1. Quick check on my filter: what residues within the range 73-97 are buried (at least 17 other Cβ atoms within 10 Å of the Cβ) and under 20 Å from residue 159 (Cα atoms)?
2. Kindly indicate whether any position in the range 23-43 is in contact with a strand residue (DSSP E or B) (Cβ under 8 Å, 6 or more places away or on another chain), part of a strand (DSSP E or B) and without any contact (Cβ under 8 Å) to a residue 24 or more places away in the chain.
3. Inspect all residues belonging to the range 153-160 and state whether any of them is modelled with pLDDT of 90 or more and touching a helix residue (DSSP H, G or I) at 6+ places or on another chain (Cβ under 8 Å).
4. Among strands (runs of 3 or more DSSP E) lying entirely in the range 135-220, which contain 2 or more residues that are surrounded by fewer than 17 Cβ atoms within 10 Å (Cβ to Cβ), touching a strand residue (DSSP E or B) at 6+ places or on another chain (Cβ under 7 Å) and on the phi > 0 side of the Ramachandran plot?
5. Filtering the range 44-75 down to residues that are over 16 Å from the mean Cα position of the chain (by Cα) and part of a loop (DSSP other than H, G, I, E, B), which residue is nearest to residue 111 (Cα to Cα)?
6. With the structure loaded, tell me whether residue 121 is within 30 Å of residue 208 (Cα to Cα), assigned to a loop (DSSP other than H, G, I, E, B) and either in contact (Cβ under 8 Å) with a residue 24 or more places away in the chain or not assigned by TED's automatic domain parsing to the domain that holds residue 32 (or both) or whether it fails that test.
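The values are calculated or read from the model by the stated rules, or taken from the named source; none is laboratory data. Quick caveat, the model's predicted, so the values are computed rather than measured. Cβ sites come from the backbone with ideal geometry, for glycine too, and all protein chains shown count toward neighbours.
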(Lines give C-alpha, C1' and ligand atoms only; values in the text may rest on other atoms or scores of the structure.)
Protein backbone atom coordinates (compact mmCIF):
# COMPACT_ATOMS: atom_id res chain seq x y z
CA UNK A 1 0.00 0.00 0.00
CA UNK A 2 1.05 3.60 -0.61
CA UNK A 3 0.03 6.94 0.87
CA UNK A 4 -1.97 9.39 -1.24
CA UNK A 5 -3.17 12.94 -0.69
CA UNK A 6 -6.92 13.31 -1.29
CA UNK A 7 -7.96 16.97 -1.32
CA UNK A 8 -10.85 19.22 -2.28
CA UNK A 9 -10.36 22.80 -3.50
CA UNK A 10 -12.75 25.57 -4.44
CA UNK A 11 -11.44 27.67 -7.34
CA UNK A 12 -13.01 31.06 -8.05
CA UNK A 13 -11.76 32.02 -11.50
CA UNK A 14 -12.20 35.59 -12.71
CA UNK A 15 -13.26 36.30 -16.31
CA UNK A 16 -10.30 35.47 -18.55
CA UNK A 17 -8.50 33.70 -15.71
CA UNK A 18 -6.67 30.39 -16.02
CA UNK A 19 -5.26 27.59 -13.91
CA UNK A 20 -2.60 25.04 -14.90
CA UNK A 21 -1.88 22.00 -12.73
CA UNK A 22 1.12 19.72 -13.27
CA UNK A 23 1.29 17.84 -9.97
CA UNK A 24 3.12 14.55 -10.71
CA UNK A 25 0.96 11.41 -11.01
CA UNK A 26 -2.18 13.33 -10.05
CA UNK A 27 -5.79 12.58 -10.95
CA UNK A 28 -8.57 15.10 -10.49
CA UNK A 29 -12.30 15.58 -10.71
CA UNK A 30 -13.61 18.97 -11.81
CA UNK A 31 -17.19 20.13 -11.22
CA UNK A 32 -18.45 23.48 -12.54
CA UNK A 33 -20.65 25.02 -9.86
CA UNK A 34 -21.32 28.25 -11.76
CA UNK A 35 -20.20 30.01 -14.93
CA UNK A 36 -18.37 28.09 -17.65
CA UNK A 37 -14.86 27.01 -18.49
CA UNK A 38 -12.70 25.05 -20.90
CA UNK A 39 -10.62 22.12 -19.68
CA UNK A 40 -7.81 20.28 -21.43
CA UNK A 41 -4.26 18.99 -21.28
CA UNK A 42 -2.96 15.59 -20.24
CA UNK A 43 -5.55 12.84 -20.65
CA UNK A 44 -8.16 15.36 -21.87
CA UNK A 45 -6.22 16.57 -24.91
CA UNK A 46 -7.46 19.80 -26.48
CA UNK A 47 -9.58 22.24 -24.48
CA UNK A 48 -13.24 21.21 -24.19
CA UNK A 49 -16.11 23.26 -22.74
CA UNK A 50 -17.53 22.53 -19.32
CA UNK A 51 -20.80 24.23 -18.40
CA UNK A 52 -22.60 24.72 -15.11
CA UNK A 53 -23.50 21.41 -13.40
CA UNK A 54 -21.08 19.41 -15.58
CA UNK A 55 -17.97 17.50 -14.53
CA UNK A 56 -14.82 15.97 -15.99
CA UNK A 57 -11.96 13.66 -15.01
CA UNK A 58 -8.38 14.73 -15.76
CA UNK A 59 -5.08 12.93 -15.23
CA UNK A 60 -1.64 14.47 -15.51
CA UNK A 61 -1.32 18.02 -16.78
CA UNK A 62 -4.57 20.02 -16.73
CA UNK A 63 -5.32 23.52 -17.97
CA UNK A 64 -8.51 25.39 -17.07
CA UNK A 65 -9.54 28.61 -18.80
CA UNK A 66 -12.60 30.83 -18.45
CA UNK A 67 -14.34 33.29 -20.72
CA UNK A 68 -16.20 36.51 -19.95
CA UNK A 69 -18.38 34.94 -17.22
CA UNK A 70 -15.66 33.40 -15.04
CA UNK A 71 -16.36 30.23 -13.09
CA UNK A 72 -16.70 28.65 -9.69
CA UNK A 73 -15.14 25.17 -9.70
CA UNK A 74 -14.89 22.34 -7.18
CA UNK A 75 -11.66 20.38 -7.73
CA UNK A 76 -10.82 17.06 -6.11
CA UNK A 77 -7.15 16.02 -6.35
CA UNK A 78 -5.70 12.55 -5.75
CA UNK A 79 -1.89 12.45 -5.79
CA UNK A 80 0.95 10.55 -4.12
CA UNK A 81 1.54 11.99 -0.66
CA UNK A 82 5.14 12.91 -1.50
CA UNK A 83 4.28 14.65 -4.80
CA UNK A 84 4.63 18.40 -4.45
CA UNK A 85 1.73 20.45 -5.82
CA UNK A 86 2.64 22.25 -9.03
CA UNK A 87 0.09 24.95 -9.83
CA UNK A 88 0.31 28.14 -11.87
CA UNK A 89 -2.60 30.54 -12.16
CA UNK A 90 -3.81 33.98 -13.08
CA UNK A 91 -7.02 35.53 -11.78
CA UNK A 92 -7.78 32.59 -9.47
CA UNK A 93 -8.67 32.55 -5.77
CA UNK A 94 -8.32 29.02 -4.40
CA UNK A 95 -9.50 27.74 -1.05
CA UNK A 96 -8.65 24.33 0.41
CA UNK A 97 -11.91 22.90 1.74
CA UNK A 98 -10.46 19.62 3.03
CA UNK A 99 -7.44 17.33 2.72
CA UNK A 100 -6.91 13.80 3.99
CA UNK A 101 -4.21 11.15 3.69
CA UNK A 102 -5.43 7.78 2.45
CA UNK A 103 -3.84 4.46 1.56
CA UNK A 104 -4.32 2.66 -1.73
CA UNK A 105 -2.42 0.06 -3.75
CA UNK A 106 0.87 1.42 -5.06
CA UNK A 107 0.07 0.08 -8.51
CA UNK A 108 -3.13 -0.97 -10.20
CA UNK A 109 -6.41 0.41 -11.41
CA UNK A 110 -9.09 2.09 -9.36
CA UNK A 111 -12.41 3.75 -10.13
CA UNK A 112 -12.68 7.46 -9.40
CA UNK A 113 -16.34 8.39 -9.22
CA UNK A 114 -18.14 11.69 -8.78
CA UNK A 115 -21.84 11.53 -8.06
CA UNK A 116 -24.51 13.66 -6.42
CA UNK A 117 -27.47 13.10 -4.14
CA UNK A 118 -30.39 15.55 -4.19
CA UNK A 119 -32.53 15.66 -1.05
CA UNK A 120 -35.92 17.35 -0.77
CA UNK A 121 -36.55 19.66 2.18
CA UNK A 122 -36.69 17.43 5.24
CA UNK A 123 -35.42 14.44 3.25
CA UNK A 124 -32.64 12.07 4.22
CA UNK A 125 -29.99 9.77 2.83
CA UNK A 126 -30.14 6.94 5.42
CA UNK A 127 -27.16 5.25 7.03
CA UNK A 128 -24.96 3.72 4.32
CA UNK A 129 -21.40 2.67 3.53
CA UNK A 130 -19.09 2.84 0.51
CA UNK A 131 -16.31 0.30 -0.27
CA UNK A 132 -13.76 3.08 -0.55
CA UNK A 133 -12.83 6.48 0.91
CA UNK A 134 -14.87 9.49 -0.15
CA UNK A 135 -14.59 13.27 0.11
CA UNK A 136 -18.00 14.95 0.13
CA UNK A 137 -19.21 18.53 -0.02
CA UNK A 138 -22.53 20.33 0.24
CA UNK A 139 -23.31 22.30 -2.92
CA UNK A 140 -26.60 23.83 -1.77
CA UNK A 141 -29.06 23.75 1.11
CA UNK A 142 -28.38 22.87 4.73
CA UNK A 143 -27.83 19.40 6.15
CA UNK A 144 -26.78 17.48 9.23
CA UNK A 145 -24.19 14.75 8.66
CA UNK A 146 -23.97 11.80 11.05
CA UNK A 147 -20.67 9.91 11.25
CA UNK A 148 -20.53 7.40 14.07
CA UNK A 149 -21.91 9.04 17.20
CA UNK A 150 -21.29 12.59 15.99
CA UNK A 151 -23.65 14.80 14.01
CA UNK A 152 -22.36 17.95 12.30
CA UNK A 153 -24.33 20.71 10.53
CA UNK A 154 -23.11 21.87 7.11
CA UNK A 155 -23.84 24.83 4.84
CA UNK A 156 -22.78 25.20 1.19
CA UNK A 157 -19.03 24.63 0.91
CA UNK A 158 -18.95 22.44 4.01
CA UNK A 159 -16.92 19.28 3.39
CA UNK A 160 -16.54 15.98 5.20
CA UNK A 161 -14.45 12.82 4.76
CA UNK A 162 -15.85 9.31 5.08
CA UNK A 163 -13.48 6.38 5.53
CA UNK A 164 -13.91 3.12 3.65
CA UNK A 165 -16.67 1.10 5.32
CA UNK A 166 -17.67 3.92 7.69
CA UNK A 167 -21.39 4.47 8.14
CA UNK A 168 -22.69 7.90 7.15
CA UNK A 169 -26.16 9.47 7.06
CA UNK A 170 -27.35 12.89 5.85
CA UNK A 171 -30.54 14.77 6.73
CA UNK A 172 -31.69 17.96 5.01
CA UNK A 173 -33.30 20.76 6.97
CA UNK A 174 -37.04 21.31 6.55
CA UNK A 175 -36.57 24.77 5.05
CA UNK A 176 -34.99 23.91 1.66
CA UNK A 177 -33.75 21.07 -0.56
CA UNK A 178 -30.08 20.09 -0.52
CA UNK A 179 -27.53 18.85 -3.03
CA UNK A 180 -24.36 17.06 -1.98
CA UNK A 181 -21.47 15.91 -4.16
CA UNK A 182 -19.42 12.83 -3.43
CA UNK A 183 -15.99 11.88 -4.85
CA UNK A 184 -15.00 8.29 -4.07
CA UNK A 185 -12.13 5.92 -4.84
CA UNK A 186 -13.66 2.51 -5.55
CA UNK A 187 -12.85 -0.96 -6.92
CA UNK A 188 -13.07 -1.12 -10.72
CA UNK A 189 -15.57 -3.98 -10.43
CA UNK A 190 -18.18 -1.35 -9.51
CA UNK A 191 -17.91 0.54 -12.82
CA UNK A 192 -21.45 1.32 -13.93
CA UNK A 193 -22.88 -0.21 -10.75
CA UNK A 194 -24.16 1.26 -7.51
CA UNK A 195 -21.54 1.35 -4.77
CA UNK A 196 -23.91 2.28 -1.94
CA UNK A 197 -24.82 -0.27 0.71
CA UNK A 198 -27.67 0.76 3.00
CA UNK A 199 -27.83 -0.53 6.56
CA UNK A 200 -31.64 -0.36 6.62
CA UNK A 201 -33.95 0.32 3.74
CA UNK A 202 -37.03 0.70 5.93
CA UNK A 203 -40.46 1.67 4.65
CA UNK A 204 -41.59 4.42 2.33
CA UNK A 205 -39.94 5.56 -0.89
CA UNK A 206 -36.47 4.21 -0.07
CA UNK A 207 -33.09 5.93 -0.32
CA UNK A 208 -32.57 8.77 -2.82
CA UNK A 209 -31.01 7.89 -6.18
CA UNK A 210 -27.52 9.10 -6.99
CA UNK A 211 -26.65 10.93 -10.22
CA UNK A 212 -23.27 9.85 -11.56
CA UNK A 213 -21.26 12.59 -13.30
CA UNK A 214 -17.96 10.76 -13.75
CA UNK A 215 -17.10 7.07 -13.53
CA UNK A 216 -13.47 6.84 -14.68
CA UNK A 217 -10.82 4.15 -14.31
CA UNK A 218 -7.44 5.55 -13.24
CA UNK A 219 -4.02 3.96 -12.97
CA UNK A 220 -2.27 4.55 -9.66
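1. Within the range 73-97, 73, 74, 75, 76, 77, 78, 79, 97 meet the criteria.
2. Yes, some residue in the range 23-43 is in contact with a strand residue (DSSP E or B) (Cβ under 8 Å, 6 or more places away or on another chain), part of a strand (DSSP E or B) and without any contact (Cβ under 8 Å) to a residue 24 or more places away in the chain.
3. No, because not a single residue in the range 153-160 is modelled with pLDDT of 90 or more and touching a helix residue (DSSP H, G or I) at 6+ places or on another chain (Cβ under 8 Å).
4. none
5. Only one residue fits best here, namely 60.
6. For residue 121, the condition - within 30 Å of residue 208 (Cα to Cα), assigned to a loop (DSSP other than H, G, I, E, B) and either in contact (Cβ under 8 Å) with a residue 24 or more places away in the chain or not assigned by TED's automatic domain parsing to the domain that holds residue 32 (or both) - is met.
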